[in-house]
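Below: one structure, written as structure tokens.
The values are calculated or read from the model by the stated rules, or taken from the named source; none is laboratory data. Not measured: the values here are computed from a predicted model. Methodologically, a virtual Cβ is constructed for each residue, glycine included, from the backbone with ideal geometry; neighbour enumeration extends over all protein chains shown.
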Amino acid sequence: MSALDEVRAMMVFARVVEEGGFSAAARTMGLSRAAISHQIRQLEAKLGVPLLRRSTRNFSLTDAGTRYYDSCRTIAIEAEAARKRVEELRDEPVGRVSVTCSIHLGNLRIVPILDRFRQAYPNIALDVHLTDEVVDVIGQGIDIAIRSGPLKDSELKSLKLYQTHRVIVASSGYFNRVDQPTTPEDLVDHDWVMYSRVPETLKLVCNGQEKQVRVSGNVRVDNATARLQFLRGGHGLAVVPLCDVQGELQSGELIRVLPDYRLNDLEIYAVFAAGVSRSAKIKSLLEYMRHDLRGIDISRNDGLDGDSNIDQT
């Protein structure tokens with residue numbers, strides 16, 4: 001008898017005692033009376049002592065059976081408690097959730113959302129990892145990773161949180177020194193704040209016509225917060241998400257360049273392992289984030305098809 005079989009037999013023994021008979025225990029556990037009897041015989045053979053005194057109509061516990069029952073009952077109670085704890089994680093938003101995100105997006109949007117989420121769900125604990133490195137979600141046991149698209153094919157599932165335009169901007173101070181570009185070709189002659197996640201060759205589309213322009217600059221960064229700082233400091237043009245700079249565009253601190261030309265939109269996704277979103281805590285957080293970000297999501301506000309279903313597999 002293996003250790004697992006022994007634990008199973010101990011739980012059967014506890015149920016026999018509690019139900020007052022083999023037949024009653026068999027009905028409760030969905031087993032045959034013969035299977036129950038076999039489990040008890042196997043357990044007694046393993047222990048080398050009788051646990052029950054049997055008669056035609058009833059049974060009684062031996063001294064060894066009485067002592068052994070206490071341990072078996074404890075195991076049965078702990079197993080039931082463990083099952084209920086897992087069910088709570090499935091049915092109620094409780095437990096711990098780990099989230100990873102880039103430093104800029106995390107500080108700008110995700111951390112404030114997590115702050116509000118935890119106020120709404122105080123029984124959820126959070127582990128937040130802000131890094132500009134691409135984290136191995138499964139290998140590092142991360143529940144949700146926030147990433148920009150388009151996403152590579154993988155075994156991970158995703159939910160689109162929002163979509164925003166990318167725009168070319170510069171500070172008003174920068175344009176106090178140089179003329180604003182009026183054509184895509186003019187972009188080549190300007191200084192740029194280069195960002196590692198934006199290609200050096202820009203693809204701009206206007207009236208169905210695509211223009212490709214290769215740009216360069218004396219400032220290169222691998223962090224979006226640093227990009228904004230150099231942009232505001234007048235060090236050149238930069239490609240940025242529109243939703244990140246709308247206030248500064250309205251105030252005139254930043255100026256949009258070539259507004260008639262479009263770049264590829266930026267899409268932000270929540271990425272997670274298959275099956276994870278069946279947990280109530282994960283599903284609640286995914287829905288909370290997407291709802292909280294609906295105001296900046298052009299795929300919902302501009303009539304684009306932005307609906308995406310949370311994985312239920």
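Tabulated results
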quantity: Selection status of Glu200, in the same structural domain as Gln250 (by TED's automatic domain parsing), modelled with pLDDT under 95 and charged (D, E, K, R); calculated: yes
quantity: Of residues in the stretch 190-207 being within 37 Å of the chain's Cα centre (by Cα) and assigned to a loop (DSSP other than H, G, I, E, B), the one surrounded by the most Cβ atoms within 10 Å (Cβ to Cβ); calculated: Val198
quantity: The stretch 141-154 - residue that is modelled with pLDDT of 90 or more and in a strand (DSSP E or B) and, of those, nearest to the chain's Cα centre (by Cα); calculated: Ile144
quantity: The stretch 111-140, subset part of a loop (DSSP other than H, G, I, E, B) and of a type outside the set (Val, Ile, Thr), residue modelled with the lowest pLDDT; calculated: Gly139
quantity: Where Asp179 falls short, out of the listed (1) touching a Leu at 6+ places or on another chain (Cβ under 9 Å); (2) closer than 19 Å to Pro259 by Cβ; (3) of a type outside the set (S, T, N, Q); calculated: (1)
quantity: Pick from the stretch 106-130, criterion more than 16 Å from Leu286 (Cα to Cα) and within 15 Å of the chain's Cα centre (by Cα), ranking: surrounded by the fewest Cβ atoms within 10 Å (Cβ to Cβ); calculated: His129
quantity: Failed item, numbered, when Arg73 is tested on (1) modelled with pLDDT of 90 or more; (2) surrounded by 15 or more Cβ atoms within 10 Å (Cβ to Cβ); calculated: (1)
quantity: Extreme residue, nearest to Phe117 (Cα to Cα), among residues of the stretch 283-303 that are small (Gly, Ala, Ser) and in contact with a helix residue (DSSP H, G or I) (Cβ under 9 Å, 6 or more places away or on another chain); calculated: Ser284
quantity: Test: residue in the stretch 214-223 that is assigned to a strand (DSSP E or B) and either touching an Asp or Glu at 6+ places or on another chain (Cβ under 9 Å) or free of Cβ contacts under 8 Å to residues at least 24 places away in the same chain (or both); calculated: yes
quantity: Set Leu228, Leu187: member being buried (at least 17 other Cβ atoms within 10 Å of the Cβ), hydrophobic (A, V, I, L, M, F, W, C), in contact with a Pro (Cβ under 7 Å, 6 or more places away or on another chain) and not in a strand (DSSP E or B); calculated: Leu187
quantity: Residue list for the stretch 3-53, filter: surrounded by fewer than 16 Cβ atoms within 10 Å (Cβ to Cβ), closer than 17 Å to Thr66 by Cβ and within 45 Å of the chain's Cα centre (by Cα); calculated: Glu18
quantity: Index of the failed condition, Phe272 passing every other in (1) modelled with pLDDT of 95 or more; (2) assigned to a strand (DSSP E or B); calculated: (1)
